[in-house]
Amino acid sequence: MSCVIGLTGGIGSGKSAAAALFAERGITVVDTDAIAHALTAPGGAAMPAIRAEFGDAVAGADGALDRAAMRAIVFADPGARKRLESILHPMIRAESERLLAADGARAPYAILMVPLLVESGDYRKRVDRVAVVDCAEATQIARVMNRNGLARAEVERILAAQASRAERLAAADDVIDNDGELAALAPQIERLHAQYLAFCGHVG
Ligand code: ADP
């Protein structure tokens, strides 16, 4: 298998923006968040197990996970989060591995985008390098309020549940600075891409 670069960053830091720039360079990006969404979409592979565990009320009329209903259950019962994760995590892991393996020897490296990579010892073990998209927390908050139409307090609550900026930077092999304008991102990705081609040529 080609070498795997873990791409992470707090909510709103610009992971998707950075990932798009790697994809533009022909690099496969496996997005664990997108996999989780697909697993819980209508007809999603995780839905039978989730319904069996939590009841049909957690599925909407279309068969997709009713996120509000699931959030209410998890909020009321911390054990429920663990049960949900024990269904989803192995499936996300298997699907991400399948997609990375399918990428195979096509390119010297692939990107595994994991929002909570720093929080997860398991993912840290599975990647060859960790790239962190970094910006100030005030920038994250402004971007997510704007992107998702959320209130400041709601965004702050999400941030508080994630690793801190300092924790993420401490885990980084490479830091992508996305506090500036979007145009400043491309030259950094270009530089890292060249670095990863060289690095992964050696380990791959
Ligand atoms: P993440 O995937 O880490 O949650 P996104 O890449 O979706 O973050 O970026 C969050 C929001 O901020 C998006 O609406 C995106 O278009 C915007 N954004 C990302 N980077 C910048 C930037 N450098 N300047 C301005 N807006 C940005």
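Brief remarks follow.
- Computed packing ranks the peptides 55-62, 27-34 as 27-34, 55-62, most packed first, by mean other Cβ atoms within 10 Å.
- Based on the reciprocal of the average 1/r between different C-alpha atoms, the Kirkwood radius for region 12-64 equals 12.9 Å.
- Relative contact order of the chain, pairs being alpha-carbon contacts under 8 Å that are 6 or more residues apart, as %: 36 percent
- The figure for residue 77 is an accessible area of roughly 60 square angstrom, using a 1.4 Å probe on the protein chains alone.
- Close amide H partners of residue 9, meaning residues 5 or more places away or on another chain with modelled amide H under 5 Å apart, are 117, 133.
- If a spin label sat at a point 7 angstrom from the Cα of residue 94 along the line to its beta carbon, the backbone N atoms of region 27-45 nearer than 12 Å would be those of 45.
- Quotient of C-alpha Rg and 2.2 N^0.38 Å, computed over region 33-106: 1.19
- For the chain, the share of accessible area belonging to carbon and sulfur comes to 56 percent (1.4 Å probe, ligands and nucleic acids excluded).
- Direction-averaged projected area, Cα convex hull, the chain: 11.8 nm², rounded to one decimal.
- Helix content alone sets the calculated 222 nm mean residue ellipticity of the chain: runs of n ≥ 4 DSSP H residues at -39500 (n - 2.57) each, divided across all residues, give -17000 deg cm²/dmol.
- Between the helical axis of 78-103 and the longest alpha-carbon principal axis of the chain there is an angle of about 40 degrees.
- At full extension, residue 86 and residue 119 could sit 10.3 nm farther apart than now, given 0.36 nm per residue minus the alpha carbon distance.
- Rounded to the nearest 5, the antiparallel percentage of DSSP beta bridges internal to the chain is 5%.
- Cβ distances below 4.7 Å define possible disulfide partners, and in the chain the cysteines left without one are 135.
- Two-decimal ratio, region 48-164, of alpha-carbon radius of gyration to 2.2 N^0.38 Å: 1.28
- Computed label-point distance, nm, for sites residue 136 and residue 41 using a 7 Å Cα→Cβ extension: 3.8 nm
- Efficiency of FRET between residue 179 and residue 34 - r from beta-carbon atoms, R0 35 angstrom, step 0.05: 0.85
- Sparse packing (at most 12 other Cβ atoms within 10 Å of the Cβ) combined with a DSSP loop state is found for the following trypsin sites (Lys or Arg not before Pro) in region 96-160: 106.
- On a per residue basis, the chain carries 50 Å² of accessible surface, using protein heavy atoms and a 1.4 Å probe.
- Over all pairs of different C-alpha atoms, region 104-186 has a mean inverse distance whose reciprocal, the Kirkwood radius, equals 14.4 Å.
The values are calculated or read from the model by the stated rules, or taken from the named source; none is laboratory data. Here the structure is a predicted model, which means the values were calculated and not measured. Ideal geometry is used to build each Cβ from the backbone, glycine not excepted, and the neighbour counts take in all protein chains shown. Accessible surface is based on the protein model in full, side chains and every heavy atom, while ligands, DNA and RNA are left aside. Shrake-Rupley method; radii C 1.70, N 1.55, O 1.52, S 1.80 Å.
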